[in-house]
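Undergrad: Input: one structure, supplied below.
Just so it is clear, none of the values below were taken in a lab; they were calculated from the coordinates. The structure displayed is predicted, hence computed values, not measured ones. With ideal geometry, Cβ positions are generated from the backbone for all residues, glycine too; neighbour counts draw on all protein chains shown.
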Amino acid sequence: MRGLSRLAEKPLWETYLDDMWAKVSDTQMWIDASIVAGRIILIIVLSRLGLWLLGRVIDHVMVERDTVRLKLRTRRVQTVGRLLKNAASYTVHFIALLLILGNSILIWDRLSPGRE
């Protein structure tokens, strides 16, 4: 009897393929995926814009302090400016990476089989 019931069932891989096809053919999944893709593109654009703006602010502050307030050597001011730009770059990229991973988890959650 056990052998007959196993023959009537679908193999596991066919069940998995059927579940995946149902998810891929779902229009709501594609709408959600495009929303998440739009968010990721927005995060990338805003992080690039933020880095450009931070670079401009750091350059402006370091040039102003070099000529008016502090009497430091030019090389020291340039080094501090580069360090500030690198720190800002790492911080913005890290935050952008966390935001992108947080958004992409939403799509992987929807695609995983067995979840409705």
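Undergrad: Would you mind calculating the gained length between R82 and D26 on full extension (0.36 nm times residue separation, minus the Cα-Cα distance), in nm to one decimal?
TA: Numbers: separation 56, 0.36 × 56 = 20.16 nm, distance 4.91 nm.
That pair, R82 and D26, stretches by 15.2 nm at full extension.
Undergrad: Using Cβ counts within 10 Å as a stand-in for footprinting exposure, how do Y16, Y90 rank, fewest first?
TA: Placing the least packed residue first, the sequence is Y90, Y16.
Undergrad: OK, next. Once phi is turned into ³J(HN,Hα) by the Karplus curve 6.51 cos²θ - 1.76 cosθ + 1.60 with θ = phi - 60°, what whole-Hz value does each residue of the stretch 47-53 show in order, with x for glycine and proline?
TA: For the stretch 47-53, the Karplus-derived couplings read 5, 5, 5, x, 5, 4, 5 Hz, x marking Gly and Pro.
Undergrad: Short version: ³J(HN,Hα) in whole Hz for each residue of the stretch 13-18, in order, from phi by Karplus 6.51 cos²θ - 1.76 cosθ + 1.60 (θ = phi - 60°), x for Gly and Pro, what are they?
TA: 3J(HN,Hα) across the stretch 13-18, in whole Hz: 5, 5, 5, 4, 5, 5.
Undergrad: Still on this structure, please answer the following. Just rank I44, I107, fewest to most, by other beta-carbon atoms within 10 angstrom. Intermediate results must be reported in sequence, preceding the final value.
TA: Details: I44 13, I107 16.
If I rank by nearby Cβ atoms, fewest first, I get I44, I107.
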